[in-house]
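The values are calculated or read from the model by the stated rules, or taken from the named source; none is laboratory data. As the structure is a computational prediction, the values presented were derived from the model and not from experiment. All Cβ positions, even for glycine, are placed from backbone atoms using ideal geometry, and neighbour counts span all protein chains on display.
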């Protein structure tokens, strides 16, 4: 009898711990996730512009590793940095919101080439990626 | 009309008329893709907030038209589970991926777009959220600082107005009244 009670208590405690863990779990760091798709910003933008519906089905909520040329950088405090990778038309492209983890990185310069990993949330003029982290960066004059 | 005084006055007034005409015709559009929308739900047992840093917004200074669009899936939360519930149970973001506000600044003539200052505005229009479109009027500010235009507004909505229902088991954790803060800094759009 005592043994059964003991097992039940252990099970309940385990369930509570698991529940609390799930409840308080933060979003995973994108840098730790494996990329589902690796693509250039220009190809990604062109594909999305031509087939938004099928692109949504294919890419939304997936981890995308995208490489492109920086056309704009805004909100230069690192807590919420937004980097636009050119989609080949000089105006719109892939908008990458950087994950607010306080990671150390050099704020990229315009026209430098970057590889960014993020979660695709759809297209609204730009393709938008959230929770991004910079995988590699090189400046043009290096 | 032979009086040179009258002649010059009429030329000046003609010039003035022409100038005001051209000024009216060259509307400036202001655009941003990095506006921020934050919402707060303060229920007795839980405070929830989500933030979206990739809001598109467009203002036309001559017509006073103002527009915001946001991808619902782009809202970020502190807890992964909140983000999942927000998308799947409440906003149904697969079905309704965008939230849109389209309106006009009702007192646009009081805003001097090229003069630094803080201009209180009232914005009236329609907001589409969760597939439901409702009239919305909000107070806000247009700020012009060193030539840079930005907008801010804070208002409340009832999520039940947008067809979002809160299951009774979580009614102490999710508030029906949600506070929304909007802030955007624009660049002239060519």
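Of the residues A:98, A:85, the single one that is on the phi < 0 side of the Ramachandran plot, modelled with pLDDT of 85 or more, in contact with a strand residue (DSSP E or B) (Cβ under 6 Å, 6 or more places away or on another chain) and more than 12 Å from every other protein chain (Cβ to nearest Cβ) is A:85. Each residue in region A:111-142 was checked for being modelled with pLDDT of 90 or more and surrounded by fewer than 16 Cβ atoms within 10 Å (Cβ to Cβ), and 2 pass. Taken over region B:170-179, residues that are surrounded by fewer than 18 Cβ atoms within 10 Å (Cβ to Cβ) and not in a loop (DSSP other than H, G, I, E, B) amount to 3.
Of the listed requirements (1) within 21 Å of residue B:71 (Cβ to Cβ); (2) outside any strand (DSSP E or B), residue B:183 misses just one: (2).
Residue A:72 passes every criterion in (1) under 19 Å from residue A:27 (Cα atoms); (2) within 11 Å of chain B (Cβ to nearest Cβ); (3) modelled with pLDDT under 95 apart from (1).
Examine region B:11-29 for a residue that is at negative phi, at pLDDT 70 or above and within 14 Å of chain A (Cβ to nearest Cβ), and state whether such a residue exists. Yes.
Residues in region A:49-67: is at least one out of contact with any helix residue (DSSP H, G or I) (no Cβ under 8 Å at 6 or more places or on another chain), loosely packed, with under 11 Cβ neighbours inside 10 Å and closer than 25 Å to residue A:133 by Cα? Yes, region A:49-67 contains a residue that is out of contact with any helix residue (DSSP H, G or I) (no Cβ under 8 Å at 6 or more places or on another chain), loosely packed, with under 11 Cβ neighbours inside 10 Å and closer than 25 Å to residue A:133 by Cα. Looking across region B:50-82, the residues that are outside any strand (DSSP E or B) and surrounded by fewer than 17 Cβ atoms within 10 Å (Cβ to Cβ) come down to B:62, B:63, B:78, B:79, B:80, B:81.
If you go through region B:89-117 and keep only what is within 12 Å of another protein chain (Cβ to nearest Cβ) and under 15 Å from the mean Cα position of the chain (by Cα), you end up with B:98, B:99, B:100. For region B:83-111, a residue qualifies if it is part of a loop (DSSP other than H, G, I, E, B) and surrounded by 12 or more Cβ atoms within 10 Å (Cβ to Cβ), and the qualifying residues are B:91, B:92, B:93, B:94, B:96, B:97, B:106, B:107, B:111. The residue that is nearest to residue A:131 (Cα to Cα), among those in region B:38-75 that are within 14 Å of another protein chain (Cβ to nearest Cβ) and free of Cβ contacts under 8 Å to residues at least 24 places away in the same chain, is B:74. Quick one: would you say residue B:136 is over 21 Å from residue A:126 (Cβ atoms) and not in a helix (DSSP H, G or I)? Spelling it out, residue B:136 is indeed over 21 Å from residue A:126 (Cβ atoms) and not in a helix (DSSP H, G or I).
In region A:17-38, which residue that is free of Cβ contacts under 8 Å to residues at least 12 places away in the same chain and under 30 Å from residue A:68 (Cβ atoms) is farthest from the other protein chains (Cβ to nearest Cβ)? Residue satisfying both the conditions and the ranking: A:32. Candidates in region A:7-48 are the residues that are surrounded by 14 or more Cβ atoms within 10 Å (Cβ to Cβ) and touching a helix residue (DSSP H, G or I) at 6+ places or on another chain (Cβ under 7 Å); of these, the one that is farthest from residue A:97 (Cα to Cα) is A:47. Return yes when residue B:76 is under 27 Å from residue B:164 (Cα atoms) and at pLDDT 95 or above and no when it is not. It is false that residue B:76 is under 27 Å from residue B:164 (Cα atoms) and at pLDDT 95 or above.
Of the numbered criteria (1) in contact with a strand residue (DSSP E or B) (Cβ under 7 Å, 6 or more places away or on another chain); (2) modelled with pLDDT under 95, the one residue A:41 fails is (2). Here residue B:102 meets the list (1) within 23 Å of residue B:42 (Cβ to Cβ); (2) touching a strand residue (DSSP E or B) at 6+ places or on another chain (Cβ under 6 Å) almost entirely, failing just condition (1). For region A:50-71, the tally of residues that are without any contact (Cβ under 8 Å) to a residue 60 or more places away in the chain, closer than 27 Å to residue A:111 by Cα and outside any loop (DSSP other than H, G, I, E, B) stands at 7.
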